[in-house]
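Remarks on the structure that follows.
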């Protein structure tokens, strides 16, 4: 039977919210975007108790766990430091849904192309494959109680953190959902071919490391939003990528082809190299309405 995680909340008062943002050091663009994201959050109609910025923690699963450990709100909302909020009612809608839907486990927000994107970024948005039916950490909400109930996130994972959290939550009988299209966040695509190839290679390497460190946590994303994330295998994932490469050639999708080839190269390099231990805990900065 599904346990009601809201039973410990006082429903006569509104649920409180903590926002957690993992952020990298020494990235000028991300630092500037983070300032804008923080402004977007304080412009929401429903204000969080705090914004918890975790700087320098690697992999990001470690940053997520560290941020939730510091959070004091009933609901934790994750945002990546490269997104911007497209609607000032996102947090209010998340709180409303948590209050009225007992079996709701995690809530995602629609991801759309960032404003003022160039031609290559628009091309990437059309050709590159996205897990549109799975909630992503780019903008994800979960009650702190449920996050702790599933044991948080595996700090060894580098790339499969989205699928892993989706799997652990839905396995307990909770639903995941993505907010209606009126609620969305802006997310940038790679600005040029070189940036895209570099990102794809790093993702392929991280995928290989995940398969080495946590082979039981390989998943494939759902085809439909109502479906659950399911366990997969290395062989199935390799065959899937071979088919995508072949289809990209047939359909003349140059960007997708280059991306998948770079991912494959990164995966091979990851398979023949030993994973390096990433840095441990990051530095936490807490911003509240009083000190913003």
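The values are calculated or read from the model by the stated rules, or taken from the named source; none is laboratory data. Just so we're clear, the structure is a prediction, and the values are computed from it rather than from any experiment. Virtual Cβ from ideal backbone geometry, glycine too; neighbours counted across all protein chains shown.
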Filter result for residue 135 (within 30 Å of residue 195 (Cβ to Cβ) and crowded, with 20+ Cβ neighbours inside 10 Å): yes
Selection status of residue 181, at pLDDT below 90 and touching a strand residue (DSSP E or B) at 6+ places or on another chain (Cβ under 8 Å): yes
Odd one out for residue 57, checked against (1) at pLDDT 95 or above; (2) surrounded by 24 or more Cβ atoms within 10 Å (Cβ to Cβ); (3) touching a helix residue (DSSP H, G or I) at 6+ places or on another chain (Cβ under 7 Å): (1)
Qualifying positions in region 14-49 - closer than 17 Å to residue 85 by Cβ and part of a helix (DSSP H, G or I): 30, 32, 33, 34, 35, 36, 37, 38, 39, 40, 41, 42
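Only one of 202, 159 is outside any loop (DSSP other than H, G, I, E, B) and either in contact with a helix residue (DSSP H, G or I) (Cβ under 7 Å, 6 or more places away or on another chain) or farther than 21 Å from residue 96 by Cβ (or both); which? Give the steps one after another, and end with the answer.
Details: 159 fails: outside any loop (DSSP other than H, G, I, E, B).
Residue meeting the stated conditions: 202.
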Given (1) assigned to a helix (DSSP H, G or I); (2) surrounded by fewer than 15 Cβ atoms within 10 Å (Cβ to Cβ), number of the condition residue 98 does not satisfy: (2)
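Going by what's in this entry, would residue 173 be described as surrounded by fewer than 19 Cβ atoms within 10 Å (Cβ to Cβ), touching a helix residue (DSSP H, G or I) at 6+ places or on another chain (Cβ under 6 Å), over 28 Å from residue 268 (Cα atoms) and touching a residue at least 24 places away in the same chain (Cβ under 8 Å)?
No: the conditions fail for residue 173.
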Tally, over region 176-196, of residues that are touching a helix residue (DSSP H, G or I) at 6+ places or on another chain (Cβ under 9 Å), outside any loop (DSSP other than H, G, I, E, B) and under 17 Å from residue 107 (Cβ atoms): 4
Unique residue being in contact (Cβ under 8 Å) with a residue 12 or more places away in the chain and over 27 Å from residue 35 (Cβ atoms) when the list is 121, 101: 101
